[in-house]
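The values are calculated or read from the model by the stated rules, or taken from the named source; none is laboratory data. None of the values given here were measured: they were computed from a predicted structure. Positions of Cβ are generated from backbone atoms using ideal geometry, with glycine treated the same way; all protein chains shown enter the neighbour counts. Surface accessibility is based on the protein's heavy atoms, side chains included, excluding ligands, DNA and RNA. Shrake-Rupley method; radii C 1.70, N 1.55, O 1.52, S 1.80 Å.
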Protein chains: 2
Amino acid sequence: MEKFTITQKERIGELNGTTEMMEMEFETIENRDSSFREMEKSMVKESRTKIKELLHEKYMTKTVEVGRNLEQWLMGEGFTKVVTPTIITKQMLAQMTIDEYHKLSEQVFWLDNKKCLRPMLAPNLYVVMRELKRITNEPVKIFELGSCFRKESQGAQHMNEFTMLNCVELAYVKDGQQLDELKRLAHAAMKRLGVPEEEYELVVEESTVYGSTVDIEINGMEVASGSYGPIFLIVSGECLIPG
Amino acid sequence: MEKFTITQKERIGELNGTTEMMEMEFETIENRDSSFREMEKSMVKESRTKIKELLHEKYMTKTVEVGRNLEQWLMGEGFTKVVTPTIITKQMLAQMTIDEYHKLSEQVFWLDNKKCLRPMLAPNLYVVMRELKRITNEPVKIFELGSCFRKESQGAQHMNEFTMLNCVELAYVKDGQQLDELKRLAHAAMKRLGVPEEEYELVVEESTVYGSTVDIEINGMEVASGSYGPIFLIVSGECLIPG
């Protein structure tokens with residue numbers, strides 16, 4: 001049986017083909033190559049149609065649409081959208097326990113000895129949260145949707161820049177109810193995105209000391225993660241926006 | 001006459017006080033200091049009220065609101081929102097004539113020999129534009145709203161990271177009408193933002209060889225700039241989002 005060449009597979013990938021398409025098998029090389037030409041032609045056509053739809057009907061990509069949708073939902077939940085700096089300090093990372101011995105530190109883009117591109121939104125959100133709590137005694141709920149940067153070594157499937165959504169809440173829920181609140185938020189986010197309950201799974205890991213985490217998994221892949229701490233009563237969730 | 005101390009001025013700045021407030025004069029140091037305490041108290045109070053309004057009524061800062069407003073307007077004008085990488089190559093900058101001898105090059109944040117943080121959106125937009133024109137013969141109008149990075153040496157008033165809006169159009173307007181189209185877009189943007197015509201000025205510089213530029217100025221400060229080229233028929237505008 002003949003499989004696609006590396007070049008053919010790459011082209012199928014470029015045109016948003018699936019893994020199943022890439023792994024197809026053929027009886028002869030001639031069969032394979034003529035099938036490839038047919039597939040390429042129809043995928044190029046489909047891609048042109050989508051581009052036209054984007055430029056003349058939708059005016060925004062799916063990624064932008066998903067981001068806006070989640071933003072609207074969070075504002076409806078009482079979260080305020082904040083925008084924080086892309087460049088953060090070494091000290092801010094260290095406060096999140098990411099020092100030079102931490103696994104993530106190898107993936108950080110450094111601008112100089114002290115400054116780097118944020119690998120996650122949390123360091124800034126904690127600063128904003130602290131400042132806000134200093135000046136108000138009322139509930140504080142904030143979120144950010146923005147680019148984060150990590151040097152990825154896992155090949156072409158991973159990008160150095162990705163969009164992250166992180167929401168943080170100084171939750172006014174009673175002790176023992178934080179987990180329910182996290183689950184409620186997770187289900188509400190998926191519902192808002194139109195993902196039916198049978199297509200994802202909530203994976204809960206409880207810990208009496210460090211609080212619990214709730215991950216949202218689709219086919220075993222973690223697409224979002226939430227956690228709460230019993231000390232700071234912070235409920236926090238972050239998720240990757242599908243590209 | 002006594003003026004505010006540097007520390008007092010800085011504090012007034014932090015609390016969003018105006019230049020006029022900072023330059024106030026007093027007969028005695030006692031007068032000055034008691035006025036400062038009064039001003040500080042009332043500004044802190046105002047700031048707390050605004051934060052509460054933000055957290056419990058508006059859910060987005062003025063900057064976010066202005067950005068969304070302009071995005072909505074541009075999509076209504078038929079522009080598609082694109083999102084491009086923050087990290088770009090030296091080569092892409094060079095194609096925009098920004099080589100090591102260009103004034104702007106000193107302000108670029110480099111990650112390594114070849115990669116830097118984008119100092120403007122144009123290099124990416126030209127790549128997207130070229131790709132889109134390769135696959136469609138229909139009009140192409142795109143825009144991006146995103147962070148750009150420049151090392152600024154002009155003190156605390158300038159930030160290293162700022163939000164830029166850039167729209168590019170392969171304009172289907174007749175030769176000789178590009179300037180009118182640019183002016184129309186400039187006026188429409190200001191109207192959308194609620195800035196009355198008497199508060200800004202369009203400054204036009206015409207050139208028969210390189211196309212013309214239209215700047216929007218408020219009190220002599222350029223807040224947006226548009227230009228078109230006679231060869232590529234590109235109408236492009238960029239503006240800073242007020243923070």
- Task: Exactly one condition in (1) open to solvent by less than 50 Å² (accessible area, probe 1.4 Å); (2) farther than 30 Å from B:Glu71 by Cα; (3) not small (Gly, Ala, Ser) is not met by A:Leu15; state its number.
- Result: (2)
- Query: Would you say A:Lys9 is open to solvent by 90 Å² or more (accessible area, probe 1.4 Å) and without any contact (Cβ under 8 Å) to a residue 24 or more places away in the chain?
  - Reply: no
- If you check every pair at least six apart or on different chains, which have Cβ atoms under 6 Å apart with a residue in the range B:30-55 that is part of a helix (DSSP H, G or I) first and a residue that is charged (D, E, K, R) second? B:Arg32/B:Glu2
- The one condition B:Glu23 fails out of (1) surrounded by fewer than 13 Cβ atoms within 10 Å (Cβ to Cβ); (2) within 14 Å of another protein chain (Cβ to nearest Cβ) is (2)
- Can you spot a residue in the range A:162-183 that is within 19 Å of the chain's Cα centre (by Cα), modelled with pLDDT of 90 or more, farther than 29 Å from A:Pro85 by Cβ and open to solvent by 30 Å² or more (accessible area, probe 1.4 Å)? yes
- Within the range A:194-243, which residues are out of contact with any Asp or Glu (no Cβ under 9 Å at 6 or more places or on another chain), loosely packed, with under 14 Cβ neighbours inside 10 Å and modelled with pLDDT of 90 or more? A:Gly194, A:Pro196, A:Glu197, A:Glu198, A:Glu199
- Item | Number of the condition not met by A:Gln72 [criteria: (1) within 11 Å of chain B (Cβ to nearest Cβ); (2) at positive phi] | (2)
- Which residues, counting only those in the range B:115-142, are over 14 Å from B:Gln95 (Cβ atoms) and of a type outside the set (A, V, I, L, M, F, W, C)? B:Lys115, B:Glu131, B:Lys133, B:Arg134, B:Thr136, B:Asn137, B:Glu138, B:Pro139, B:Lys141
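Consider the range B:33-61. How many of its residues are within 11 Å of chain A (Cβ to nearest Cβ), surrounded by fewer than 18 Cβ atoms within 10 Å (Cβ to Cβ) and of a type outside the set (Ser, Thr, Tyr)?
Within the range B:33-61, the first condition is being within 11 Å of chain A (Cβ to nearest Cβ), and the residues that meet it are B:44-45, B:47-61.
In the following step, the residues that additionally are surrounded by fewer than 18 Cβ atoms within 10 Å (Cβ to Cβ) were identified as B:44-45, B:47-53, B:56-58, B:60-61.
Subsequent filtering for residues that are of a type outside the set (Ser, Thr, Tyr) retains B:44-45, B:48, B:50-53, B:56-58, B:60.
Of the residues in that region, 11 qualify.
Does A:Ile98 fit the bill of being open to solvent by less than 40 Å² (accessible area, probe 1.4 Å) and closer than 30 Å to B:Thr49 by Cα? If you could, list the steps in order and put the result at the bottom.
Details: open to solvent by less than 40 Å² (accessible area, probe 1.4 Å): yes; closer than 30 Å to B:Thr49 by Cα: no.
In short, no.
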